[in-house]
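The values are calculated or read from the model by the stated rules, or taken from the named source; none is laboratory data. Please read all numbers here as calculations on a predicted model, not as lab measurements. All Cβ positions, glycine included, derive from the backbone under ideal geometry; neighbour counts span all protein chains shown. Please note that ligands, DNA and RNA were not included when accessible areas were found on the heavy atoms of the full protein model with its side chains. Shrake-Rupley method; radii C 1.70, N 1.55, O 1.52, S 1.80 Å.
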Amino acid sequence: MTHRDSTKVVHIGSQKIGGGNPVLIQSMTNTKTRDVASTVAQILALEQAGCEIVRCTVPDTEAAKALAEIKKQIHIPLVADIHFDYKMAIAAMENGADKIRINPGNIGSVENVRAVTAVAAERGIPIRIGVNSGSLEKRLIEKYGGVTAEGIVESALDKVHMVEDLGFDNLVISIKSSDVLMCVKAHELLAEKTRYPLHVGITEAGTVWSGNIKSAIGLGLILHQGIGDTVRVSLTGDPVEEIKSARLILRTLGLRKGGIEVVSCPTCGRTRIDLIGLAGKVETLVREYPLDIKVAVMGCAVNGPGEAREADLGVAGGMGEGLLFKKGEILRKVPEEQLLDALKEELDNWK
């Protein structure tokens, strides 16, 4: 199996993936790309949340031309998502796309693919070959008796070989399925057969609630094996939620540091403060701080003081009040309604 430390290095604008470089977080805009103002606003919000590569759909010439203006106003690599029309891939690259995503099987003849790779080679632009389980060819469905991990991998490698035969190898591969375990197996199989960097994700994962659960399980299993060089959490919702989820998945796996980790107890009948409300407010509060620390929000005197002491900063609730801890030491007792402000004050003056 090819570990991410051994995959080929690919340059995407100012970023590098593969070869042991950090796993980068990607998302996709859901605005109309031709609407430059809305698209830029969304990308800037994604950047602030921690997005490192962003993809925009390019269904027509107007969208392709908009890329040039969008790129002037953002600060991360811009990827063009292309389906069916190879001319849009060329137009996107001519308007500044740092990478293009295509399925060579749905943009027509080999000559169309050749035209795309020629421009990409001339401009030093990588191509991401993307295959989803929903677009698997009929012959592979018949060969494997349905949609399978083996069929997805064969489909992807067929397209990789087509592009390689045209003399182009500046590639990233993505294979996705909404079936979590099928997706995991497909990545395991693919990692045994290629050294190209892999973009990983669970496609059509669902809403913010269900999609997060499926993505955490699937991406966790894939990434923990050393597979994957970029990642997207695909959610039906605000794309900023994808970034927050991806960051937490990577941090939980030890693949990313930085950002405040909030731990909180599940509450029980012993809780005497509004811990659920407080924990939610703390989680929102800490997003604004570029600190690599742990903050504990605990509800009672049974486990609370211990967890709060182990954290860099924490509170342990009592009867309408809480003890404020910093690096294992009690700072003071704080009324419930002042706990959030007390935490904020400590974060503002963190040393």
Heavy-atom accessible area order for Phe168, Phe84, largest first, 1.4 Å probe:
Phe84, Phe168
Using the heavy atoms of the protein chains alone and a 1.4 angstrom probe, what is the accessible area of the chain per residue in square angstrom?
45
Taking only Cα atoms and a 10 Å spring cutoff, compute GNM fluctuations for the chain and point out the largest among His199, His161, His11.
His161
Which whole-number percent is the relative contact order of the stretch 180-255 (Cα, under 8 Å, 6+ apart)?
34
Normalising by the residue count of the chain, find the relative contact order in percent from Cα pairs under 8 Å and 6+ residues apart.
13
Carbon plus sulfur fraction of accessible area for the chain, probe 1.4 Å, in percent:
51
Using only helices, what value at 222 nm comes out for the chain when you add -39,500 (n - 2.57) per DSSP H run of length 4 or more and divide by the total residues, to the nearest 500 deg cm²/dmol?
-13000 deg cm²/dmol
Taking Cα atoms, the helix 239-252 axis meets the longest principal axis of the chain at an angle in degrees (rounded to 10) of 70
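Just reorder Lys294, Lys8 by solvent-accessible area, largest first, 1.4 Å probe, all chains present.
In descending accessible area the options line up as Lys294, Lys8.
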The stretch 278-332, relative contact order [Cα under 8 Å, separation at least 6], %
25
Rounded to the nearest 10 Å², what accessible area does Ser210 show when all protein chains are kept and the probe is 1.4 Å?
40
Quickly rank 17-30, 335-348 as a protection proxy: mean count of other C-beta atoms within 10 Å, highest first.
17-30, 335-348
